[in-house]
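The values are calculated or read from the model by the stated rules, or taken from the named source; none is laboratory data. Computed from a predicted structure; not experimentally measured. Every residue, glycine as well, gets a Cβ built from its backbone with ideal geometry; the counts of neighbours run over all protein chains shown.
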Amino acid sequence: MHCSVCGKISKDNLGEGFKQKVKITLKPLGNIVDELMEELKDRVSGIFHCPTEIKAGFSDLSQTYNPQRKQYFSSKLLASLKKSEGDERVVGIADVDLYVPRLNFVFGEADVVSGIAIVSLCRLRQEYYGSAPDEALFLARATKEIVHELGHTFGLGHCSNNKCVMHFSNSLADTDLKEANFCNNCRPKIMPCPII
Ligand SMILES: [Zn+2]
Ligand SMILES: [Zn+2]
């Protein structure tokens, strides 16, 4: 199996080498309750089978707020999220609506070079669309978005399989259709390799 990023060959998909070398760090950006962070950590760790931890992010997102759009600039927020000592892959989790200039909104964004990504929880709740809360659905969606952005940081692109977590979500219908896990084509491409 060749890593899509560094070309290395591994004898074992997501094997011991992966567990030892790659750590995932989740960081709350703004106010996210501890219980939610813990739940997301457990779910992400269950998909990747590698050490996953929660570390303090930052709470002041005001630098990235765009008052005209009443949204937060995703790329700027992503750029302000830095790795701290020992971080390998980092996902910032924000409960605000994110955008990039040419799109109405984004669910998340990843920087493949730095291995850092962010995800917005804002549009994943049924309440956002005027429906009754559905915690199970919200958690499933959040997990899929986090795993998807992490997949990008591991060098994966979008997948044409609409059940694969790396399938591009144009809407929540796409997110709900896909699973939280990688398809058989994508999973072998996730490899421990150094991010330059
Ligand atoms: Zn994507
Ligand atoms: Zn796939």
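Could you go through segment 117-140 and let me know if any residue there is assigned to a helix (DSSP H, G or I) and within 12 Å of ligand 1 (Cβ to nearest atom). Taking every residue of segment 117-140 in turn, none turns out to be assigned to a helix (DSSP H, G or I) and within 12 Å of ligand 1 (Cβ to nearest atom).
For residue 100, the conditions (1) modelled with pLDDT under 95; (2) surrounded by fewer than 19 Cβ atoms within 10 Å (Cβ to Cβ); (3) β-branched (Val, Ile, Thr) are fulfilled apart from (1). In segment 135-148 there is at least one residue that is exposed (fewer than 13 other Cβ atoms within 10 Å of the Cβ) and closer than 24 Å to residue 94 by Cβ. Of the listed requirements (1) of a type outside the set (Val, Ile, Thr); (2) without any contact (Cβ under 8 Å) to a residue 12 or more places away in the chain; (3) closer than 24 Å to residue 41 by Cβ, residue 131 misses just one: (3). Of 80, 75, 59, all but one fail to be of a type in the set (Gly, Ala, Ser) and over 20 Å from residue 114 (Cα atoms); the exception is 59.
Would you confirm, using the coordinates I've provided, whether residue 176 is assigned to a loop (DSSP other than H, G, I, E, B), away from ligand 1 (no atom under 15 Å from the Cβ) and either farther than 24 Å from residue 25 by Cβ or in contact (Cβ under 8 Å) with a residue 40 or more places away in the chain (or both)? Taking the combined requirement at face value, the residue does not satisfy it.
From the list 117, 94, the one residue that fits, being crowded, with 17+ Cβ neighbours inside 10 Å and in contact with a His (Cβ under 8 Å, 6 or more places away or on another chain), is 117.
Here segment 37-59 is the region considered, the condition is being in a loop (DSSP other than H, G, I, E, B) and out of contact with any Gly (no Cβ under 8 Å at 6 or more places or on another chain), and the residue that is farthest from residue 86 (Cα to Cα) is 49. Evaluated against (1) within 27 Å of residue 35 (Cα to Cα); (2) free of Cβ contacts under 8 Å to residues at least 24 places away in the same chain; (3) basic (Lys, Arg); (4) within 16 Å of ligand 1 (Cβ to nearest atom), residue 89 falls short on exactly one condition, (2). Based on this model, can you work out whether residue 109 counts as out of contact with any Gly (no Cβ under 7 Å at 6 or more places or on another chain), outside any loop (DSSP other than H, G, I, E, B) and either within 15 Å of ligand 1 (Cβ to nearest atom) or modelled with pLDDT of 95 or more (or both)? Here the answer is yes, as residue 109 does meet what is asked.
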